[in-house]
Amino acid sequence: MKILAFDTCLDKTYITLFAEDMFLNKVIKSTNENYHSAYLISTIAETLKSQNLTPADLDYIATDIGPGSFTGIRACTTVARMLAQQLNIGLIGVSSLEILSKINGSDDLVALDARKNKAYLFDKEIKGAIDLEEVDSIVKGKVLITDDSLLQRFTKLGCSAISYQQNDYDLGEILTKIAIEKLKNNIDTDWGKLKPLYIQPPPIAQKMLVHP
């Protein structure tokens with residue numbers, strides 16, 4: 001089984017090729033000149049070529065569906081749907097919150113900055129974008145995965161908090177492993193059913209609601 005997995009929803013681009021029970025991981029960071037998702041398609045091509053593979057050799061595509069950067073979510077879900085449709089192969093979508101919950105190898109709490117005094121909360125499942133004061137009461141004193149912007153807040157609450165942005169985690173490999181587990185559970189892999197996970201409306205949609 002050969003799976004190509006990629007994620008541009010978070011602070012880097014993660015691309016993983018799973019073939020012959022081996023993982024090939026690539027990570028791209030943003031620069032001052034270019035946002036990381038701009039390199040997605042070219043790096044996919046390079047990754048496949050490095051293993052003497054073509055897109056036609058793939059059995060499945062796996063991708064992060066969000067939440068995260070609006071541009072990043074749109075980039076990876078669009079490319080994933082396009083590839084799966086053209087290749088007529090299965091597509092598996094995984095939430096960035098579920099991916100981050102597996103950093104320590106278990107199902108940890110995840111709370112990421114959702115702005116507007118809210119946090120995206122994951123506790124075995126997606127809870128939504130919740131007011132920070134309510135999140136504080138839920139996570140106080142617990143093990144927690146978060147980001148740089150909320151790390152100090154949760155540390156002050158006595159949480160054993162880790163920011164995923166301060167270490168080089170193989171998030172692409174974690175995404176791939178989750179996708180493999182979902183395949184074992186016979187998840188629906190119809191590419192046409194995959195949708196980006198915008199827990200909150202994108203900024204442009206919010207502006208349209210305010211200014212019709």
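The values are calculated or read from the model by the stated rules, or taken from the named source; none is laboratory data. The shown structure was predicted, so the numbers you read here are calculated from the model rather than taken from an experiment. Every residue, glycine among them, receives a Cβ derived from its backbone with ideal geometry; neighbour counts consider all protein chains shown. Note: accessible area is taken over every heavy atom of the protein model, side chains too, but ligands, DNA and RNA are not part of it. Shrake-Rupley method; radii C 1.70, N 1.55, O 1.52, S 1.80 Å.
Summary of values
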quantity: Criterion: crowded, with 19+ Cβ neighbours inside 10 Å and not in a helix (DSSP H, G or I) - qualifying residue of LEU48, LEU121, LEU40; calculated: LEU121
quantity: Checklist (1) in contact with a helix residue (DSSP H, G or I) (Cβ under 7 Å, 6 or more places away or on another chain); (2) modelled with pLDDT under 95; (3) under 19 Å from LEU197 (Cβ atoms) applied to LYS116, failing item; calculated: (1)
quantity: Any hit, the stretch 131-139, residues being modelled with pLDDT of 95 or more, surrounded by fewer than 17 Cβ atoms within 10 Å (Cβ to Cβ) and either under 13 Å from the mean Cα position of the chain (by Cα) or assigned to a strand (DSSP E or B) (or both); calculated: yes
quantity: Filter result (crowded, with 20+ Cβ neighbours inside 10 Å and more than 26 Å from THR8 (Cβ to Cβ)) within the stretch 151-177; calculated: CYS159
quantity: Residue list for the stretch 2-29, restricted to those being within 16 Å of the chain's Cα centre (by Cα) and in a loop (DSSP other than H, G, I, E, B); calculated: THR8, CYS9, LEU10, ASP11
quantity: Yes/no for PHE23 being open to solvent by 60 Å² or more (accessible area, probe 1.4 Å), touching a Leu at 6+ places or on another chain (Cβ under 9 Å) and either farther than 22 Å from TRP191 by Cα or in contact (Cβ under 8 Å) with a residue 60 or more places away in the chain (or both); calculated: yes
quantity: Any hit, the stretch 79-87, residues being over 20 Å from LEU175 (Cα atoms), of a type outside the set (A, V, I, L, M), modelled with pLDDT of 95 or more and over 18 Å from the mean Cα position of the chain (by Cα); calculated: yes
quantity: Residue match in the stretch 76-87 (condition: more than 30 Å from ALA119 (Cβ to Cβ), among the small types (Gly, Ala, Ser), out of contact with any Pro (no Cβ under 8 Å at 6 or more places or on another chain) and open to solvent by 70 Å² or more (accessible area, probe 1.4 Å)); calculated: no
